[in-house]
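These notes are about the structure you will find just below.
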Amino acid sequence: MRSSARTESVWAVAVAAALLLGAAPAGAEATIHARLDRLIRTYDVRPDLTWVETVVIDTTVMTQRGVRENERGSYTFYPKNQTLELAEAWVDQPDGERLYAGASARFTRPSEAAQNAPGFTSAETTTVLFPQVHEGSRTHALWRVTQTTPGLLGFNVEMLPPPEMPVGEASVTITAPADLPLHWASRGGFAVSEHTEAGRHIIAARIADTVADEPERNMVDETDFAPLFLATSLPELSELGAIYFRQSQPKAAPTPEIAALAARVAAGQTGLAAAQAVYDWVAANIRYVAVYMDPNDGWVPHPAADVLSRGYGDCKDHVVLMQAMLTSLGIRSEPALIEQGTRTQDLPLWIPQFNHVIVYLPDYGQFANPTNPYARFDSLDRLLAGRTVVLANEHGAVSRTAPARPQDNIYTMSADLTVAAGGHLAGISTIVPSANLEAAARAAVTQALSPRDLAERLLSATPEGGFGVFETSDPRDLTQPFRMTGRWHSPHAVTFDGGEAFFTVPVGLDLDPAAHLRALLTDNGKRRHALLTTARDYRWTTVLHLPEGVAAARLPHDVTFENDAGSYSAEYQRGGAGLRVIRRLVIGRALFSAAEDAALEALIYAALDDARAVLGLTRTP
């Protein structure tokens, strides 16, 4: 299993920019670049749960982008337990001409993950390069894949027509022995039938004429709402945990070397303190590299001794080493299978639906994510909070991580700024995130070119601009809370016109200013799908010192706003030779339905409107 790549950081400038790109505003009509005319999948399942699948894909190309995205077709498979045949491939042109993709247009090579870190796999990909693809062309491919040995998790099917494309017809037909238990479920318009004929159980699901649904920014995963058909031979969700337990338990046996390491790391501590010490060591010393040389490697960890000797592994390997170390200290632990991402609803059927493994300490009721080298022992980020987990123990069990709450995601930014007589601005910003938010901050510092580069990229996005540098505690030391201090200055930040100057409260070195909230807005205040954000309690305090002969002539009005989404407040206080601005934003939960989005947008606009409020300075005799 591999950690999901669909994670969001609320901190880094690059990530904040990414949130603003690549998805349509709510209510926008989808641009159609290609139409999926037919997606037809058929399965012939054998008594031992091996199978033969035939896939027909017909696509009509409509734009130049559609040409680029559909000029080739591909299928990835494991040669160790699968065979693949491309039975047909051609292009039909608008004038009726048919062009075949011959042997010279077909290529089989190691899959992309086999070529570079963080993933290495023995999987191969066959690609067909369609000839003469233009706007109006219709591509056709027929693939046939044979599963030659039974899969570790039995037989499983997921049919999810791509929501971003209009679909003419999508169907899946499963033919299996009548005495083979199969379970299925559907959602969102699939018509499903089943019957028995000549000793064979036949399940057929079909959906037709779906419209394109262009993604919205920050929406939940498409599996939360899109039409979906699922089938499995597994009897229930907890069986996944039992299967994983049988495969992983022998790999978690502590060796003398592992036991000696655990004793040294624990340093005489016991219980939860010892578990935290082990977690910190694994997170800091085992780097993420996924090696899948066997088709079952996605669900089977490598032996803990191998993980330790190599110093790398994927999420399963981090957990299995931590388990072995904890076992040697007499501390119980279990792998916990979880989906790390933006899916917030359980699938309508218990197919294998997880992409990540974390560790669970049953004696303490605590989950921890040792794969993330920046995550503290007592933290779970928003993409792991409130998620269903399957505990890998002898019989398997289903549980859930705690939901995200504002009090678990507190961000504090304090700025002490001084305005010089000539308008030069200099200050110190101190940032203290709570444990759940530390991982993104630690990663932003570690992955930046330099502390100065990070600071100046942040400043370049502010109205005042400027130059500066960060000083931080050690971002890789998980034993200590993380703290950032930034020193910066900005020439001509405050410009006097005659005896007056007007400007907004300087943003300065703020990893998550109010302006980032714009990524959660829509162009018309209406969404089609639920939105996933971060439940948060953000606190900004700015003290502004004024030079002799300059006074605050105008302060914005204080703000108090509260609704079902949360609250926002702002106070503007005069004091001595300066002023203090205290702002606080609380977003009460992480998930908002489309109907609830209006309340969230009203809350966000309260913060954004106040962020643009203008201070007025005047020169005095």
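Couplings 3J(HN,Hα) of the stretch 225-234, computed from phi: 9, 6, x, 8, 10, 10, 8, 7, 9, 5 Hz, in residue order, whole Hz [Karplus 6.51 cos²θ - 1.76 cosθ + 1.60, θ = phi - 60°; x for Gly and Pro].
Both numbers refer to the Cα atoms of the stretch 161-296; Rg and Dmax are 23.7, 67 Å. Amide H contacts of V389: S399, R400, T401, each under 5 Å away and 5 or more positions distant or on a separate chain (H built 1.01 Å from N in the peptide plane; Pro and chain starts excluded).
Packing around the peptides 277-288, 94-105, 36-47, 223-234, taken as the average count of other Cβ atoms within 10 Å per residue, puts them in this order, highest first: 223-234, 277-288, 36-47, 94-105. Ellipsoid fit via the Cα gyration tensor, the chain: semi-axes of 49, 33, 22 Å, each the root of five times an eigenvalue, largest first. In sequence order, the stretch 555-567 has phi-based couplings of 10, x, 6, 4, 10, 9, 9, 8, 8, 5, 7, x, 8 Hz under the Karplus curve 6.51 cos²θ - 1.76 cosθ + 1.60, θ = phi - 60°, and Gly or Pro positions carry x.
Rg ratio for the stretch 220-263: its Cα radius of gyration over 2.2 N^0.38 Å, N being its residue count, equals 2.00. In the chain, the longest principal axis of the Cα atoms and the axis of helix 271-285 are about 80 degrees apart. Taken over the C-alpha atoms, the stretch 407-619 has Rg and Dmax values of 18.0, 54 angstrom. For a modelled paramagnetic label at R554, 7 Å from Cα along Cα-to-Cβ, the residues of the stretch 566-605 in reach, with backbone nitrogen under 20 Å, are 570-575, 578-582. Amide H contacts under 5 Å for A535: A590, restricted to partners 5 or more places along the chain or on a different chain, H placed in the peptide plane at 1.01 Å from N. The equivalent ellipsoid of the stretch 145-232 has semi-axes of 28, 16, 11 Å, largest first, where each one is the square root of 5 times an eigenvalue of the Cα gyration tensor. Helix 451-460 and the longest principal axis of the C-alpha atoms of the chain enclose an angle of approximately 80°.
Spin-label pair L180-T83: with each label point 7 Å from Cα along the Cα-Cβ axis, the two points sit 1.8 nm from one another.
Dividing the summed -39500 (n - 2.57) terms of all DSSP H runs of n ≥ 4 by the residue count of the chain sets its mean residue ellipticity at 222 nm at -5500 deg cm²/dmol. Converting phi to 3J(HN,Hα) with the Karplus coefficients 6.51, -1.76 and 1.60 and the offset θ = phi - 60°, the stretch 500-509 yields 10, 9, 10, 7, 7, 4, x, 7, x, 8 Hz in sequence order, with x at every glycine or proline. Relative to the longest principal axis of the Cα atoms of the chain, the long axis of helix 256-266 makes an angle of roughly 20 degrees.
Across the stretch 32-213, Cα-Cα pairs farther apart than 27 Å form 36% of the total. Both radii are taken from the alpha-carbon atoms of the stretch 240-403; with Rh as the Kirkwood radius, Rg/Rh is 0.94. Length gained on full extension, R452 to A613: 55.0 nm, using 0.36 nm per residue less the C-alpha separation.
FYI, it's all coordinate maths here, none of it is from the lab. None of these values were measured; they are calculated from a predicted model. Don't worry about glycine lacking a Cβ; one is built from the backbone with ideal geometry, like all the others, and counts go over all protein chains shown.
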